[in-house]
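Novice: Before I ask anything, here is the structure I am working with.
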Amino acid sequence: MLLGTDEVNGEYQLDMPPLTLETVSFWLEFPVRFIDLVQNYNLDFAGGIHAIEHTLIAIFPLRLLADRNDVGGVSTPNHIDLQEKAGIFIYDGHQGGVGYAEKGFEKISDVLEVTLKAIKGCPCTDGCPSCIQSPKCGNHNKPLDKHAAIVILHELLGKSPYVPPKPTPKKNPTVVKKHDKPVDTGAALKRVKRQLRKDTLKKPIVMVNTKVKPKKAASLEEQKILDRIKEIEELQRQHEAKKKLKSDNS
Ligand SMILES: [Zn+2]
């Protein structure tokens, strides 16, 4: 990136070691009629579920005691584990899961209502960082379709059909397969891994307070995080000891 101009000089794939996370997730799956409904308005279905995924994660802290970085998501119009149906997966960003996905699932109707309010209530026309864009999207916020998201959420929540203001033809609509052909989920997995890598690198402090701690570092990056956790724990211990000493003396 050229400083001062925001011009991107180049983009390169980094050869990073893979990071696996066994965790808990909940998912929403969409029958084919949802795709038809969205495409009838010439909107982008894949962009719609991707937008819902982003906003749902963003509003998590409003309904659950969580940070936006505690959960991650994947949305795909054809998922092999959903018999090629479309789905949105919301997963716990911590090893083994610490309950965020379960809580989100318990409160799903409420969470989806707030998601719809956040998207529909935003004064922007086609989506912005306040509603459907995510700062941690591994896909450069593409594809995203605000009005497709509202159409889907209205249908999902059993509301009267939402009619988008002016159906504008998309320049590059995402092609959604509606067949039974097996699909390669490699791209979606790559996205999860990319996002997990980012989340893990961002989260050493959060991990201190979780029940599950990684036992062995699988990579240099993870070792750095583990070292940092130890450091933080040591600082916390010192802080607690000092506080105790103070209260003992007074
Ligand atoms: Zn907006």
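Computed from the coordinates by the stated procedures, all read-outs in this text should not be read as laboratory data. No experiment lies behind these values; they were computed from the predicted model shown. Note: ideal-geometry Cβ built from the backbone for every residue, glycine included; neighbour counts use all protein chains shown.
Novice: What list do you get for 102, 7 if you sort them by fewest beta carbons within 10 Å?
Specialist: Sorted ascending by nearby Cβ count, the order is 7, 102.
Novice: Amide H neighbours of residue 71 under 5 Å, counting only residues 5+ apart in sequence or on other chains, H built in-plane at 1.01 Å?
Specialist: Here 93 satisfy the definition.
Novice: Please label the shape of segment 58-119 as rounded, prolate or oblate, based on the square roots a ≥ b ≥ c of the eigenvalues of the alpha-carbon gyration tensor (a/c under 1.5 means rounded; beyond that, a/b larger than b/c means prolate, else oblate).
Specialist: Oblate shape, in that a/c is at least 1.5 and b/c is the bigger or equal ratio.
Novice: Sort 41, 12, 91 so the one with the fewest other Cβ atoms within 10 Å of its own Cβ comes first.
Specialist: Numbers: 41 18, 12 5, 91 22.
Exposure proxy ranking, most exposed first: 12, 41, 91.
Novice: Using r as the Cβ-Cβ distance of residue 126 and residue 80, and R0 as 41 Å, what FRET efficiency do you calculate, to the nearest 0.05?
Specialist: According to the calculation, E is roughly 0.85.
Novice: What FRET efficiency do you get for residue 20 and residue 142 if R0 is 22 Å and r is their Cβ-Cβ distance, rounded to the nearest 0.05?
Specialist: Taking R0 as 22 Å, the efficiency between residue 20 and residue 142 is 0.30.
Novice: On to the next question. Amide H to amide H under 5 Å from residue 128: which residues, 5+ apart in sequence or cross-chain, H placed 1.01 Å off N in plane?
Specialist: So residue 128 has HN proximity to 133.
Novice: Can you sort 21, 62 so the residue with the fewest Cβ neighbours within 10 Å comes first?
Specialist: Lowest count first: 62, 21.
Novice: Figure the gain on full extension for residue 12 and residue 233 (residue separation times 0.36 nm, minus the Cα-Cα span) and round it to one decimal in nm.
Specialist: Value of the extension gain: 76.0 nm.
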